Amino acid sequence: MKRTRVKPRKEVTNALLILTGTFSAAFGLKGFLIPNHFIDGGVTGISLLVSSSTGAPISALIVIINLPFIWLGYKRIDKLYAIKTLAAIFVLSVILFLVKFPHVTDDKLLTAVFGGFFLGTGIGLAMRGGCVIDGTELLAVYINPKSFLSVGQIILAINVVIFGIAAFFLGIQSALYSILTYLSASQMINYIIQGFDEYTAVTIISPKSELIKNVIIRQLHRGVTVYKGERGYGKNAIEEKDIDILYVVITRLDVSRLVNTVQQVDPAAFIITHSVSEVKGGLIKRHVLSH
């Protein structure tokens, strides 16, 4: 019975995320970018550029220009994802056409930063809801298996071309401010998708792993995963090679404290840190009870 209840609730949550995202994106476009002739990256940027150059309504362009990419996603990637994307873009178009948003500011720096903020928030919320409101990602995912470039690099290459064209039609200054808009939007998308905590994974290799594990659990109140490993280098052939490798996921605010604690136990410990895109479950957001 529980499974049948959870799915509709999740779909309602996704729909609310997408609807909120489309309103946020529309506000960023009509409240900041369009009145000041700024653009963003991707299909949204192309739509803004064409609208600024020809006077065509952005509400129509954002659907028309996205259609080939949505069709590509429908045929080659995921049909449900493409259908939800089409619905979200259509809702965004209707909002842009019907809703009147206030022209917030003429200041170019504020326009670039906050226009990107609201647009990026909208795109990120839509992605959280299970779709996109910009077809560039669908194109990048399609090209990726046939290219040596990653999805992010493909999107970046597309945007370089878009901003190059923008510099020709809108001028260097507007193009530079538009790049700032894109960077602001990208940062907000990362925050919405990956979360504000910015988790970091820490791998610790030390012969004092048992002591370090106990210190992390009892003093720092963090969970630890232990991998069984083997040293690949030693002073002699009979040296003990088995070793426990500790793996800890923490927020970036705790990294310095963890590293300092480990180095106090073993100054020669080998410590590796790297960012983590998303974390679910485990003991990240709740303390481990010390006994």
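The values are calculated or read from the model by the stated rules, or taken from the named source; none is laboratory data. This is a predicted model, so every value here is computed, not measured. Every residue, glycine among them, receives a Cβ derived from its backbone with ideal geometry; neighbour counts consider all protein chains shown. Side chains included, ligands, DNA and RNA excluded: accessible areas come from the protein's heavy atoms. Shrake-Rupley method; radii C 1.70, N 1.55, O 1.52, S 1.80 Å.
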Of the criteria (1) outside any helix (DSSP H, G or I); (2) under 15 Å from the mean Cα position of the chain (by Cα), which one Phe118 fails: (1)
For segment 31-49, give me the residue count where each residue is of a type outside the set (Ser, Thr, Tyr), free of Cβ contacts under 8 Å to residues at least 60 places away in the same chain and either assigned to a helix (DSSP H, G or I) or under 15 Å from Val132 (Cα atoms) (or both). 1
Hits in segment 121-146 (condition: open to solvent by 40 Å² or more (accessible area, probe 1.4 Å) and either aromatic (Phe, Trp, Tyr) or assigned to a loop (DSSP other than H, G, I, E, B) (or both)): Tyr142
Looking at this structure, is Leu183 open to solvent by 20 Å² or more (accessible area, probe 1.4 Å) and out of contact with any Pro (no Cβ under 7 Å at 6 or more places or on another chain)? yes
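Every residue, every condition in (1) open to solvent by 20 Å² or more (accessible area, probe 1.4 Å); (2) closer than 28 Å to Phe168 by Cα; (3) modelled with pLDDT under 85; (4) not in a helix (DSSP H, G or I), yes or no:
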{"residue": "Leu29", "(1), (2), (3), (4)": "no, yes, no, no"}
{"residue": "Ser51", "(1), (2), (3), (4)": "yes, yes, no, no"}
{"residue": "Val63", "(1), (2), (3), (4)": "yes, yes, no, no"}
{"residue": "Ala87", "(1), (2), (3), (4)": "yes, no, no, no"}
Going residue by residue through segment 247-255, is there one that turns out to be modelled with pLDDT of 80 or more, part of a helix (DSSP H, G or I), out of contact with any Lys or Arg (no Cβ under 9 Å at 6 or more places or on another chain) and under 30 Å from Arg128 (Cβ atoms)? yes
